[in-house]
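Down below is the structure, laid out as structure tokens.
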Amino acid sequence: MKNNDLAFGDLKGGRLIFAAFVLALANFMVVLDMTIANVSVPHITGSLAVSSSQGTWVITSYAVAEAICVPLTGWLAGRFGGVRVFVVSLIGFTCFSILCGLSTSLEMLVICRIGQGLFGGPIMPLSQTLLMRIFPPEKQSQAMGMWAMTTVVGPILGPILGGSISDNLSWHWIFFINIPVGIFCAVAAMRLLKPAETAIAKIKIDSIGLFLLIVWIGALQLMLDLGHENDWFNSTFICALAVITVVGLVTFIIWELTERHPVVNIQIFRYRGFTVSVLSLAFAFGAFFASIVLIPQWVQINLGYTATWAGYLTATMGFGSLTMSPIVAKMATKYDQRALACFGLMILAVATLMRSFWVTEADFMALAVPQILQGFAVPFFFIPLSNMALAAVKPSEMASAAGLMNFLRTMAGAIGASIAITMWDDHSKIARSEMVATLHVDEVQNNLVQKGMSPDSALGYISHLVDQESLTLSANHVFLILSMVFVFAGLIIWLCPKPKPGVGGQPTH
């Protein structure tokens, strides 16, 4: 408690507001980097001469590395001090941002994105924790409101900034813009946040659990990212990765259940309310993240959108999220949160189903309407599910529960994006072969030649049209499956015990 009093006493007025701004800005930078690369993937793949599915590794590698590091935040802060870890994370994140921008190959870029994710992982939970430490209890809710706003605004501005920078400068600059922000936040944190430093203790690290976590998650993500290129389970390498994933996961679960200081507290799953809420959240976020990765790539490759316009399209969902977040937060205190979550997930299912009818000639508004609808629906599933998950555990287990929830949500996003892009790529080849089998190429080619085209140009034009339509049909197929995932997530939430109003933080078994 002494540490907290010291923090409140040393930071007042302008210094307190400035410290809060620095923490919120650092969080904003990390959240921004989750989505800033989404619309830049076609630029990156074109520059590095790799396929669109390989380009997705730039997004998934960051998400996986961040997911692995989030459960370690508590141990790192306890062992080295929250402010020290926060500053070192900012410096490491900035250094790897520079290396990402200087990357000349996909391999180098993916390795540097992993570095970014590892250092970026602790920044989000620590910025939240340190905000709570520097503000007195009566002002903590306002501080959390400012922090939450950066978390919502980041994913909205990410695609717009990423698109504008990629089109007008080059994709390298989406990483270079972190440099001044990272340096400013690191220097300001060192000077301002010393009073908020946490107590340090020699805490034992579950090194075996951490090793097993990295092994099975790494093997799973490699299997998903490399599977379709290696013909899935016809490849010995993919089969080996599958075995490592399953054996690693089973061993990890057994070890964590018997370890006194586990890196991931799996025993929290004994609460039905937590398990069902987090399962629903993981499925929903996986489908949600898959759609916001797939849409910018489809509109750029297929509809000829620039990265800037793809960013505008992706960001249209942000206005609904910003508007509804405070309203849903109030509604969650009055109404059954299971009903709110189910309502939000069904709206997401409808919005995604609308996308499964998209055509290659679709105009901007036809594409934007499901995005706007999705924006209004996101707070309805995100806020109640998060509240229900944390309200289902004991107060002493809340920090572990929050870490586990963020870990599973981030992992679900990375896995969802990998599977969606793989399905899109694979199904487009099937759709193309089916179209070619029923197409009377000679007849169409002759008609085009009669209109003044050369035979080769006519054939190239037909091939381009077939490619376009096969990618659209494949995207429609993926969206149909994602809409079913949302329905599933919305239905299983009713397996959750009814939350008791006004007992946040009390266990509901």
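Key figures
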item: Relative contact order for the stretch 206-262, counting Cα pairs under 8 Å that sit 6 or more residues apart, in percent; result: 50
item: Cys with no candidate disulfide partner in the chain (beta-carbon separation under 4.7 Å rule); result: Cys69, Cys95, Cys185, Cys239, Cys342, Cys496
item: Cα-based equivalent ellipsoid of the stretch 206-262: semi-axis lengths in Å, sorted from largest, via gyration tensor; result: 27, 9, 6
item: Straight-distance crosslink candidates among aspartates and glutamates, where the alpha carbon sits under 17 Å from Lys498 and sequence neighbours closer than 8 are dropped; result: Asp336
item: Of the trypsin sites (Lys or Arg not before Pro) in the stretch 219-308, those whose Cβ has at most 14 other Cβ within 10 Å and which sit in DSSP loop; result: Arg260
item: Contact order normalised by residue count of the chain, Cα under 8 Å, 6+ apart, percent; result: 21
item: Length-normalised contact order of the stretch 186-289 in % [C-alpha pairs under 8 Å, at least 6 apart]; result: 27
item: Potential extension, Phe364-Glu259 segment - 0.36 nm per residue separation minus Cα distance; result: 32.4 nm
item: Helical contribution to [θ] at 222 nm, DSSP H n ≥ 4, -39,500 (n - 2.57), averaged over the chain, rounded to 500; result: -26500 deg cm²/dmol
item: Per-pair calculated FRET efficiency, R0 = 25 Å: Asp456 and Asn234 via Cβ, rounded to 0.05; result: 0.10
item: Between the stretch 165-180 and the stretch 354-410, the Cα center-to-center distance that results, in Å; result: 28
item: Within the stretch 155-253, trypsin sites (Lys or Arg not before Pro) in DSSP loop having at most 14 other beta-carbon neighbours inside 10 Å; result: Lys202, Lys204
item: Sequence-distant aspartates and glutamates (8 or more away, or on other chains) whose Cα lies within less than 19 Å of Lys194; result: Asp5, Asp10
item: Under 19 Å from Lys429, Cα to Cα: aspartates and glutamates that are on another chain or at least 8 residues apart; result: Asp225, Glu229, Asp231, Asp467, Glu469
item: Net charge, Ile421 excluded, C-beta distance under 13 Å - Lys, Arg +1, Asp, Glu -1; result: -4
item: Structure-derived mean projected area of the Cα convex hull in nm²: which label, when the choices are [x] 25.0; [y] 21.7; [z] 23.0; result: [x]
item: Lys, Arg +1 and Asp, Glu -1 on Cβ, resulting dipole of the stretch 1-204 about Cα centre, debye, nearest 20; result: 720
item: Inter-site label distance for Phe319 and Ile203 at 7 Å from Cα along Cβ, in nm; result: 4.4
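Bear in mind that the values in this text are calculations on the coordinates, not laboratory data. Quantities reported herein were computed from a predicted structural model and do not represent experimental measurements. Please note: Cβ atoms are built from the backbone with ideal geometry, for glycine as well, and neighbour counts cover all protein chains shown.
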